[in-house]
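The values are calculated or read from the model by the stated rules, or taken from the named source; none is laboratory data. Being a predicted model, the structure only gives us computed values, none of them experimental. Cβ sites come from the backbone with ideal geometry, for glycine too, and all protein chains shown count toward neighbours.
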Amino acid sequence: MEYQSKNPNVQVAGGAVLAFVNSLTNKELGLKYLAAHGITEIQSDKLYSQQAYLDALKDLVKAIGVPGALEGVGEKIPDYLPPMNVKDVFELFETWINHYRAANPGDNESYIRVTDKGENYLYIETNNPVACAFDRGLIRAFARKFHPNAKVTSNGDMCRAKGDAACLYHVFW
């Protein structure tokens with residue numbers, strides 16, 4: 001489910017929060033909503049409540065009235081949290097869960113996995129609490145690090161925004 005931490009003790013790394021803030025066109029608005037949920041004086045080496053972070057994201061989306069805006073923010077995240085040292089797009093997404101868990105200590109329930117792949121495509125299933133649009137933008141940006149014309153579509157059969165446990169994305173180039 002979107003915007004709902006898997007457990008109240010899950011945290012988010014300050015570096016991930018800063019990447020989000022730096023990806024916003026209106027950083028002050030993002031900081032305002034983070035502060036409203038107790039996230040202030042953000043430091044990259046500090047941990048914050050993941051649920052407070054998710055609540056701030058949800059409130060921000062409501063305030064700007066454009067749920068798809070998070071897709072654009074997700075696309076900018078790799079500029080601030082570059083891909084791990086990997087050789088290709090397949091390795092990137094097959095090891096992405098490690099990156100997610102490092103940025104979200106305590107979340108051992110979420111998963112991000114490649115469910116199918118071929119020469120010029122892959123399918124990624126995600127079960128994490130961020131917005132589907134944010135994931136879609138993030139996946140596209142990471143894929144474009146290896147394939148500049150990569151495209152990402154959501155598989156309408158599975159979507160957390162519709163109440164499903166996971167989302168399925170088709171990445172192709």
Report task. Filter the stretch 140-173 down to residues that are charged (D, E, K, R) and not in a loop (DSSP other than H, G, I, E, B), then give me how many there are. Result -> 5
Query raised in the report: Is it fair to say Gly106 is assigned to a helix (DSSP H, G or I), in contact (Cβ under 8 Å) with a residue 40 or more places away in the chain and either more than 13 Å from the chain's Cα centre (by Cα) or surrounded by 14 or more Cβ atoms within 10 Å (Cβ to Cβ) (or both)?
Result: no
Report task. Evaluate the following for Val130: is it buried (at least 16 other Cβ atoms within 10 Å of the Cβ), out of contact with any His (no Cβ under 6 Å at 6 or more places or on another chain), part of a loop (DSSP other than H, G, I, E, B) and of a type in the set (Val, Ile, Thr)? Result -> yes
Query raised in the report: Does Gly137 qualify as being outside any loop (DSSP other than H, G, I, E, B) and either more than 17 Å from Leu92 (Cα to Cα) or at pLDDT below 95 (or both)?
Result: yes
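Could you tell me whether any residue of the stretch 78-95 is touching a Ser or Thr at 6+ places or on another chain (Cβ under 9 Å) and either buried (at least 19 other Cβ atoms within 10 Å of the Cβ) or closer than 23 Å to Ala165 by Cα (or both)?
So far as the stretch 78-95 goes, no, none of its residues is touching a Ser or Thr at 6+ places or on another chain (Cβ under 9 Å) and either buried (at least 19 other Cβ atoms within 10 Å of the Cβ) or closer than 23 Å to Ala165 by Cα (or both).
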Query raised in the report: If you go through the stretch 39-68 one residue at a time, how many are assigned to a strand (DSSP E or B) and among the acidic types (Asp, Glu)?
Result: 0
Report task. Inspect all residues belonging to the stretch 12-24 and state whether any of them is in a loop (DSSP other than H, G, I, E, B), closer than 20 Å to Gly137 by Cα and under 15 Å from the mean Cα position of the chain (by Cα). Result -> yes
Report summary line: Taking first residues from the stretch 144-168 that are touching a residue at least 40 places away in the same chain (Cβ under 8 Å) and second residues anywhere that are of a type in the set (Phe, Trp, Tyr), the pairs with Cβ under 8 Å that are 6 or more apart or on different chains are His147/Trp173; Ala150/Phe172; Ala150/Trp173; Ala166/Tyr111; Leu168/Tyr123
Query raised in the report: Failed condition for Glu71, given (1) crowded, with 17+ Cβ neighbours inside 10 Å; (2) of a type in the set (Asp, Glu); (3) in a strand (DSSP E or B), with all others met?
Result: (3)
Query - Single match in Tyr121, Tyr111 (criterion: over 15 Å from Trp96 (Cα atoms), among the hydroxyl-bearing types (Ser, Thr, Tyr) and surrounded by fewer than 21 Cβ atoms within 10 Å (Cβ to Cβ)) - result: Tyr121
Query - Which listed residue is assigned to a helix (DSSP H, G or I) and either under 15 Å from the mean Cα position of the chain (by Cα) or closer than 29 Å to Asp55 by Cα (or both), from Ile112, Ile77 - result: Ile77
